[in-house]
Amino acid sequence: MIPHTTTIRNAQGGIVNLTVHIAIIPPDAPVQHALSIQLQPNGSSRVVFSGVAGRIYRIQASDALADPAAWITRATVVAADDGSFSFLDAQPLPAARFYRAVFP
């Protein structure tokens, strides 16, 4: 990550210095993919993914692959230092449920 400090002045003359961290993710960086889906004793399911460390992913679920509009965002997560991230779906499972992680 590249730190960058900038100064911002508002219309009333107030000044604030901010530091932002910029990360450049190369286009050939590994993509996210599901590693496992684990049924929990209480009937929920845990989906474990692998992606890029520090990247923010949206976990989406759909009960029907045929309908692209059926995908809904269920959570937003940050991948750990090893690139792993997971989602615990506490909703009752229908006959089929599909998961994906999307970025950005």
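A few notes on this one:
- Of all the criteria given as (1) surrounded by 13 or more Cβ atoms within 10 Å (Cβ to Cβ); (2) out of contact with any Phe, Trp or Tyr (no Cβ under 9 Å at 6 or more places or on another chain); (3) within 15 Å of residue 104 (Cβ to Cβ), the one not satisfied by residue 57 is (2).
- Top-ranked residue of the stretch 78-91 - restricted to ones that are under 12 Å from the mean Cα position of the chain (by Cα) and on the phi < 0 side of the Ramachandran plot, ranked as surrounded by the most Cβ atoms within 10 Å (Cβ to Cβ): 85
- Some residue of the stretch 82-89 being in contact (Cβ under 8 Å) with a residue 60 or more places away in the chain, among the aromatic types (Phe, Trp, Tyr) and touching a strand residue (DSSP E or B) at 6+ places or on another chain (Cβ under 9 Å): no
So that you can scan it fast, the table gives a plain yes or no per residue for (1) within 22 Å of residue 97 (Cα to Cα); (2) part of a strand (DSSP E or B); (3) over 14 Å from the mean Cα position of the chain (by Cα):
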position: 6; (1), (2), (3): no, yes, yes
position: 19; (1), (2), (3): no, yes, yes
position: 24; (1), (2), (3): no, no, yes
position: 34; (1), (2), (3): yes, yes, no
position: 37; (1), (2), (3): yes, yes, yes
position: 52; (1), (2), (3): no, no, no
position: 59; (1), (2), (3): yes, yes, no
position: 66; (1), (2), (3): yes, no, yes
position: 76; (1), (2), (3): yes, yes, no
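- In this structure, residue 96 does satisfy being in contact with an Asp or Glu (Cβ under 7 Å, 6 or more places away or on another chain) and small (Gly, Ala, Ser).
- Residue check for residue 63: under 15 Å from residue 35 (Cα atoms), surrounded by fewer than 16 Cβ atoms within 10 Å (Cβ to Cβ) and of a type outside the set (A, V, I, L, M): no
- Hey, residue 41 assigned to a loop (DSSP other than H, G, I, E, B), modelled with pLDDT under 85 and surrounded by fewer than 12 Cβ atoms within 10 Å (Cβ to Cβ) or not: no
The values are calculated or read from the model by the stated rules, or taken from the named source; none is laboratory data. The model shown is predicted, which means the values in this text are computed figures rather than measured ones. Backbone-built Cβ (ideal geometry, glycine too); neighbour counts: all protein chains shown.
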